[in-house]
Every structure is written in structure tokens, then in C-alpha cells.
Amino acid sequence: MIVVHHLNNSRSQRVLWLLEELGIEYEIKFYERDAKTMMAPESLRQVHPLGKSPVITDADLAIAESGAIIEYLVERYGNGRLAPASGTPEYLRYKYWLHYAEGSAMPPLVMRVILNNFGAGDSSVVSGFVAPQIKLHFDYIEDELRKNAWFVGNEFTAADIQMSFPLEIVAALPEEVKKRPKLKEFVERIHGRPAYKRALERGGKYEVSFQ
């Protein structure tokens, strides 16, 4: 049985959603962030040395990192679902967006959160580097979503699940999302999916924040 070690308000919500899309049975072990530091509890280190979420266990395997977990679940349990056929142009796009989400889209968002938390939200680092990078990446994403309903084309894939977290962060900012209608439409579409709703019911309250 797959066990999702689920930290509240975290990337592990994507894993629950993927499992619901695939119709795979799983269990959830819940962890709560520290109310002051917002860090994960030390008990997660018993599952993986970094003490981060998401992480899943499947028999004797412990797998961390959102992209690695998504690839593992789709390849092992997907039976051809939620991923294009290997060797196709669509498969290359699928792999690209799987890695782009955390490798390119998330870093400037994380930098902004960290700087805000340390009282440097109005610094020249934000105005001179972080904010322009956020604009660059999310204008690019908006342009890509003008081409197709989903990131790989007209078919929903696990890459859309992986891309959901950074888009939900930006969608929570009225001044940003009003400039990007396709991003807003994407987030509304994923929130309407039955599997997404089931994942929320099982995982509990989920909020993304830019603060």
C-alpha cells in the first residue's frame, strides 16, 4: 500500500491529486507545520533524512521530490495514462514541464517568500531580480496556455498536476492573475476536476500563499 506522508499546505497535495486521478488506493499519514516557523516537524526525518514533504513510501521504497514521485507513480501504476507515449514530441514536452515547475517556475516565488519573511520584501533584490523573473516566467506560461488547454497539448497529463502548485500561488494574487486570464482559466479547470476535489476531501484544508 502506498503511504503519502502529507504535510499541510504543501506540494504533497499534488501527489494526493495524482493518486485520485489514477484511482490508486493509498493511505495518508498527516503532518502539521510549526505554527511559528511553518517548518515541517522533525518526525518527517524518520521517513526521509531531509524531513521534507512530499514523500511517499511504497513497500520498502521511500521516494521524495514531487517530480520523482509523479514519474514513479505514472510509470509504475499509470498503465499508459496521464503521460504521452515515450519517444514522441509530446513526451519531450511532458518531461520539460515536469522539470520546469520546480526547476524554473518555483525558485523566484520561493525567493520572494523568503525575502518577505525576513523583512526584505521591498529590497532592490526583489525589484531588480526577483520580480522581473516572476514576470518573465509567468508571462511565458501565459503565452504557452494560449496555445492549448493543457501544457502538453489538448490532453490532460501529470505535467499539469506538477505545474499546478506555482500557478495556484500566482492565481492567489489578484494583481497578477488579472493580467493572465489563461492562467486563471487553467486553475479554475483543475479545481473543477472530480479527482482534485476528492484529494482535497482526503487531504484536508489546503491553502497556497505568496506571503
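No lab work stands behind these numbers, since they all come straight from the coordinates. What you see is a predicted model, and the numbers here were worked out from it, not measured in a lab. Because the Cβ atoms are built from the backbone with ideal geometry, glycine has one as well, and the counts that use them run over all protein chains shown.
Can you tell me how much longer the chain between Phe118 and Val3 gets when fully stretched, taken as 0.36 nm per residue apart minus their C-alpha distance, in nm with one decimal?
Difference between extended and current length: 37.9 nm.
How high is the relative contact order of the chain, in percent, counting Cα pairs under 8 Å that sit 6 or more residues apart?
25 percent
Among DSSP bridges having both ends in the chain, what percentage is antiparallel? Round to the nearest 5.
55 percent
Could you give each residue of region 144-155 its phi-based ³J(HN,Hα) in whole Hz, using Karplus coefficients 6.51, -1.76, 1.60 with θ = phi - 60°, and x for Gly or Pro?
Running phi through 6.51 cos²θ - 1.76 cosθ + 1.60 with θ = phi - 60° gives 5, 6, 6, 7, 8, 5, 10, 5, 9, x, 8, 10 Hz.
Which of the GluC sites (Glu not before Pro) across region 164-211 are loop residues per DSSP, with 10 or fewer other Cβ within 10 Å?
Hits after loop and neighbour filter: Glu207.
Through the Karplus equation 6.51 cos²θ - 1.76 cosθ + 1.60, θ set to phi - 60°, convert the phi angles of region 159-168 into ³J(HN,Hα) values in whole Hz; use x for Gly and Pro.
Coupling constants for region 159-168: 5, 5, 5, 5, 6, 5, 5, x, 6, 5 Hz.
Once you have a ≥ b ≥ c as the square roots of the Cα gyration tensor eigenvalues for region 1-42, tell me rounded if a/c is under 1.5, and otherwise prolate or oblate according to whether a/b is larger than b/c.
Judged from the Cα gyration tensor, region 1-42 comes out prolate (a/c at least 1.5, a/b above b/c).
For the chain, what does the alpha-carbon gyration tensor say about shape, rounded, prolate or oblate, given a ≥ b ≥ c as the root eigenvalues, a/c under 1.5 as rounded, and a/b over b/c as prolate?
Oblate is the answer for the chain, as a/c is 1.5 or above yet b/c matches or exceeds a/b.
Give me the dipole magnitude in Debye, nearest 20, for region 67-210 about the Cα centre, with unit charges on the beta carbon: positive for Lys and Arg, negative for Asp and Glu.
320 debye
In nm, to one decimal, how far is the Phe30 label point from the Ala85 one, both placed 7 Å along Cα→Cβ?
It is 4.4 nm.
What pairs in Lys29/Lys95; Lys29/Lys52; Lys95/Lys197 have C-alpha atoms more than 22 Å from each other?
Listed pairs above 22 Å: Lys29/Lys95; Lys95/Lys197.
Assign one of three labels to region 166-209, namely rounded, prolate or oblate, based on the Cα gyration tensor with a ≥ b ≥ c the square roots of its eigenvalues; rounded applies when a/c is under 1.5, prolate when it is not and a/b is larger than b/c, and oblate otherwise.
Oblate is the answer for region 166-209, as a/c is 1.5 or above yet b/c matches or exceeds a/b.
Place +1 on the Cβ of every Lys and Arg and -1 on the Cβ of every Asp and Glu in region 74-199, take the dipole about the Cα centre, and give the residue among Asn117, Gly87, Val170 whose Cα lies farthest towards its positive end.
Gly87
If you restrict to DSSP beta bridges whose two residues both lie in region 4-119, what percentage is antiparallel, to the nearest 5?
Percent antiparallel among DSSP bridges in region 4-119 is about 60.
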